[in-house]
Amino acid sequence: MLIEKNFSLKTHNTFGIDVKAKGFVSVKTIADLKNALNNSTYGNKFILGGGSNMLLTKNVDALVIHINLKGKEVVNQNENEVCVKAFAGENWHEFVVWCLEHDFGGIENLSLIPGSVGATPIQNIGAYGVEIKDIFVSCDALNVITGDIKTFLNSECQFSYRESIFKQNLKDSYIILSVTLKLTSKNHDIKTNYGAISTELNRLNIENPTIKDVSNAVIAIRESKLPNPKEIGNSGSFFKNPIIKKSHYLKLLENFTEMPHYPVSEFEVKVPAGWLIEHAGFKGKTFKNYGVHNKQALVLVNYGNASGNDILNLAKLIQHTIDRLFGIKIEMEVNVF
Ligand code: EPU
């Protein structure tokens, strides 16, 4: 197990922020992970997955443990369904592609989401009408204090929109080791309700889409709107879509007649933060070497060598402006360190 000192994290976070870790180790086995957790030379521990949902604003004065556990397997299968287990260090999109190759359905709408498998339950990743909670069976996770491994069933994870127990009560207490999902092996439940998917399928004249067609449509939509982190540093949606009182929304509608919304409950609606940010004038704005993406205002971008604090200050400016203009507090989705 090689621990590197004063290690640049630039290629380990999709924002491409160049900060240093006091120590860095990439663990491929649970034994190495336990060893790294027991190491006392570098003080605190900092767990890193795919680095796709974080903004680093300073050097990390800790041992950064990169979870690089690999493997994926079918754990059981019946006529119509299959349970598949993937280890935390697998790249999420490569796992989606592997499932498509085996004709396992259920995660095609989650194609091309950056990051690793281990991070998916933490923020209950979601896109185009599907969230991980919809197909999640369980995950195995290591207790960082006791070293015990616990299996968390779906019902124990307290999933909600971009939330789970791993971001709340159990924050920093467990490291996800593997995730087990229940997928379809036949009679796939094709989900094209999300407007842009059906538009894309119509454009391609596909009437009875397969799971691969849905995946291709999602990939095309994402590529048209979201910057590829390999080319432009970003962390996907920087903010969550806010949930506000219906009465507040109706009041806003008097001035902003085009404001979109999605019903959440009898008394609440969700408003796209991207719309709010665009209508506050930030879409496509560039400051020095960072800014707001020109095709999706929910995405903040690093055009090269921006600091985490530059981006954090822009995020705060956006939050203040949205609050001032619309009386809505938008929360960051990305974890800031
Ligand atoms: N909109 C604008 N301007 C913009 C962006 C969006 O007006 O610049 C409005 C449009 O009215 C559009 C609506 O917002 O119809 C929704 O936009 P979009 O379909 O792009 O989705 P989103 O709500 O902005 C969410 C997720 C994305 C996910 C898409 C598709 C959150 C925080 N973000 O974005 O997730 O890909 O839906 O399901 O919920 C991510 O989490 O990193 C992410 C990319």
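Points worth noting:
- Listed pairs LYS150/LYS316; LYS34/LYS225; LYS72/LYS245; LYS85/LYS316; LYS10/LYS295; LYS288/LYS329 exceeding 31 Å between Cα atoms: LYS150/LYS316; LYS34/LYS225; LYS72/LYS245; LYS85/LYS316
- Segment 72-225 - percent relative contact order, Cα under 8 Å, separation 6 or more: 29
- Accessible area of the chain divided out per residue, in Å², using a probe of 1.4 angstrom: 48
- Measuring nothing but protein heavy atoms, the accessible surface of the chain at 1.4 Å probe radius is 48 percent carbon and sulfur.
- Taking every DSSP beta bridge that has both ends in segment 4-67, the antiparallel portion is near 30%.
- The chain, Rg to Rh (Cα coordinates; Rh as Kirkwood inverse mean 1/r): 0.97
- Figure legend: label point modelled 7 angstrom from the Cα of THR199 along Cα→Cβ; residues of segment 225-242 with amide N under 16 Å from it are 225-226.
- Stretched out straight at 0.36 nm per residue, the stretch from SER265 to ASN309 would grow longer than its current Cα-Cα span by 12.2 nm.
- Sites SER8 and ALA31 - FRET efficiency at Förster radius 25 Å, r taken between beta-carbons, to 0.05: 0.40
- Radius of gyration and Dmax over the Cα atoms of segment 72-225, both given in Å: 15.8, 55
The values are calculated or read from the model by the stated rules, or taken from the named source; none is laboratory data. What you see is a predicted model, and the numbers here were worked out from it, not measured in a lab. Quick reminder, even Gly has a Cβ in these numbers, built from the backbone with ideal geometry, and neighbours come from all protein chains shown. When the accessible area is computed, the model is the full protein with side chains, heavy atoms only, and any ligands, DNA or RNA have been set aside. Shrake-Rupley method; radii C 1.70, N 1.55, O 1.52, S 1.80 Å.
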